[in-house]
Structure formats: C-alpha cells, structure tokens
Amino acid sequence: DGGGVLSVAMSGNANNLVASAGREGGVKLFKLTMPPPGGGEGGGEMGELTCIGDVPSLKRPLPGVTPILVTCLRFDSSGRLFLGGQDGHLRMVTFEDDEEMKVSVLSSPQQQLRQPPSPILSLDVSEELDVVATAHANGNVCIHSTNPDNDHVGVWNPFADTNNPCHARSVAFVQQDDDEWSIVVGGGDGSLWMQDIHPSYIPTRDVDDEASNNMPSSETSIFKENSMQQIEPSHQGPVVSLASRPGGILVSAGHDGMLRVTRLWPSPMALYGLGGYKVWIGSVCIDPEGRRLLSDGRDDVVVVHDFSEEEGCD
C-alpha cells in the first residue's frame, strides 16, 4: 500500500478541516464545504473536500531523504491538531487563520529520563486534564502537557516487568465522573492495563477562580500510587483501538476480531464480548450519547452496535 493512508482526523468546529497522514510522509489538510440547506442546485447532499495544503515542516523532503511519517492524528474541540510521529515526537498544530499554521513539538518525558525517542503508535487527548497521552513502540505511555506554563509530565510502562515486554499499541483516557479519571493502555500482547490519575491533576468544579485548578507540586506524579491493575479478559491479539465514554465505560478492539465492553468502576467488569469479524478490527469509536459503537474491519466491513433501546444499559 505504498502511499496508503495511516490516519485521518476531522475537526467539527467552524473550520471544517480534515487531516490525512499517509505513508509518503507529512500531513495533508482539506477543507470540507457542505451544501446549503436543501442540497443546493440539483438537490445533492454531498459535501466537497478541497485540499488546502500540507502541514509546514512535515512536507515530503527531497528525494532520498527519509520522510517524517505521522502514525496518528487527533483534533480537539478548539481545532488544535495533535500529530504522533514515527520519530517519537508529539507535535501540536494551531491555526491562526485559514492561511497560517504554527507547528510546535511538545516536550517528551522520555527526554527528561534520557530515553531515546520511540515511535508513537496511538494518542488520546484529554481537554479536561489539559494533557495528551501517547503510546510508544517501546511500551511506554507518555503524558504530555499542552500548557506551556505546566511541564508536569509522566511516563508509565506496564509491560516492563512482564515476562514478555511488548509495545503499547493503544491508549485512552477514561472518566468516571468529574473527580475520577484513569488511563488505559492496550498492549501488543493483547493485555489491557489501567492506572488512575492523581487527584491533584484533576481540575476541581464549582469553586472560585483563584482555586479553580488543583495544580500538583513538581514532586507529585500524575499517576496515583499503587493504582495499576490489569483488566481481564485479555484479547487474543494486539489491542489496536480503545474508546471510552463518561461513566467509566471502555471499549477495546483487538486483532482477534473481538470488541470488548468493560465497566471499570468500582472494579473492572466485562459487560459484553462482541464478535462477528472474520479478520482483525481496524478501529472503534463511540457516538456522543454513548449508545452506538462503530467499528471497521480488515474485510472492508463497518459494524454498528446499537444499545439505544436498552433503557437500563450503561
């Protein structure tokens, strides 16, 4: 798949941007123009994608020079675009207007630990916590701050002490309520691990502006002490995608063709094991209401699991 697409992300804000990363290197940006109400002339309902250029500094270099491959993309609600690279660096793209983009490399906790960069395989953004989590080929899960005034970051490798160390294939933040958050990582060996976020990193609610954020001290780890635990059962292949919804619900997708729905609190409990794919799954996502799961497979099939009619389902 020489120039195949590695990742796609869409921005739902006023910019209507679509970002695409391919094996040729770099990231292309497209503008999505929607038809007027009623479909416009001819009554068509299709939008139109117009290429508006490439992300600066990531364009394919001169022939013979290794390109920067971007393996994962994610927009946040404000329109910032986060890029995970095969070179191990996390980049943030901000859009001043339709013509100007600023690209910055976020500091890596691996550098502070004098560890060499490791390819990023997955990322997730938590706007509430103002951090980005990246999953790396060396098994690390790195937490990067998006606030230039806050350099509190962390590294976690749940696979380092196992019998068969593997890469961290997927990562996701999971929220139980406003005051409890966890981070989950899926491994190349099919295992799932969870660790809680330290309470001092979680912004408090319904307080005055002066005390609106419980910022931790420089000695405080972002991870809650002695909170790591494995989520059972494991997948029978790499965990390629994770998705979550408020209330502590996690959906994991594996190369074994299985979707698992797990409730994480008060303790992890598997709710559903959803099969149906003859080959491995590519990705999974959850709609805003948390009632529908959409997944795609290597067999070019998209499956929708609809829980909306089950009144007691959570």
Whole-number value, in Å³ per residue, for the convex hull of the alpha carbons of the range 70-135 is 88 Å³
For the range 66-77, Karplus couplings with θ = phi - 60° (6.51, -1.76, 1.60), whole Hz, Gly/Pro x: 5, x, 7, 8, 9, 9, 8, 9, 7, 8, 9, 5
By the Cα gyration tensor axes a ≥ b ≥ c (a/c under 1.5 gives rounded; else a/b larger than b/c gives prolate, otherwise oblate), the shape of the range 137-199 is oblate
So what are the ³J(HN,Hα) numbers for the range 185-201, from phi and the Karplus equation (6.51, -1.76, 1.60; θ = phi - 60°), rounded to whole Hz, Gly and Pro as x? 10, x, x, x, 9, x, 7, 10, 10, 10, 9, 7, 7, 4, x, 5, 8
Taking H as built 1.01 Å from N, whose amide H comes closer than 5 Å to the amide H of Leu121, not counting residues under 5 places away? Ala135, His136, Ala137
Relative to the compact globular guide of 2.2 N^0.38 Å, what is the alpha carbon radius of gyration of the range 216-285, as a ratio? 1.31
In whole Hz, with x marking every Gly and Pro, tabulate ³J(HN,Hα) for the range 251-256 from phi via Karplus 6.51 cos²θ - 1.76 cosθ + 1.60, θ = phi - 60°. 10, 10, 10, x, 5, 7
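Quick note: the coordinates plus some simple rules give every number you see, no bench work behind them. All values reported here derive from a predicted model rather than from experimental measurement.
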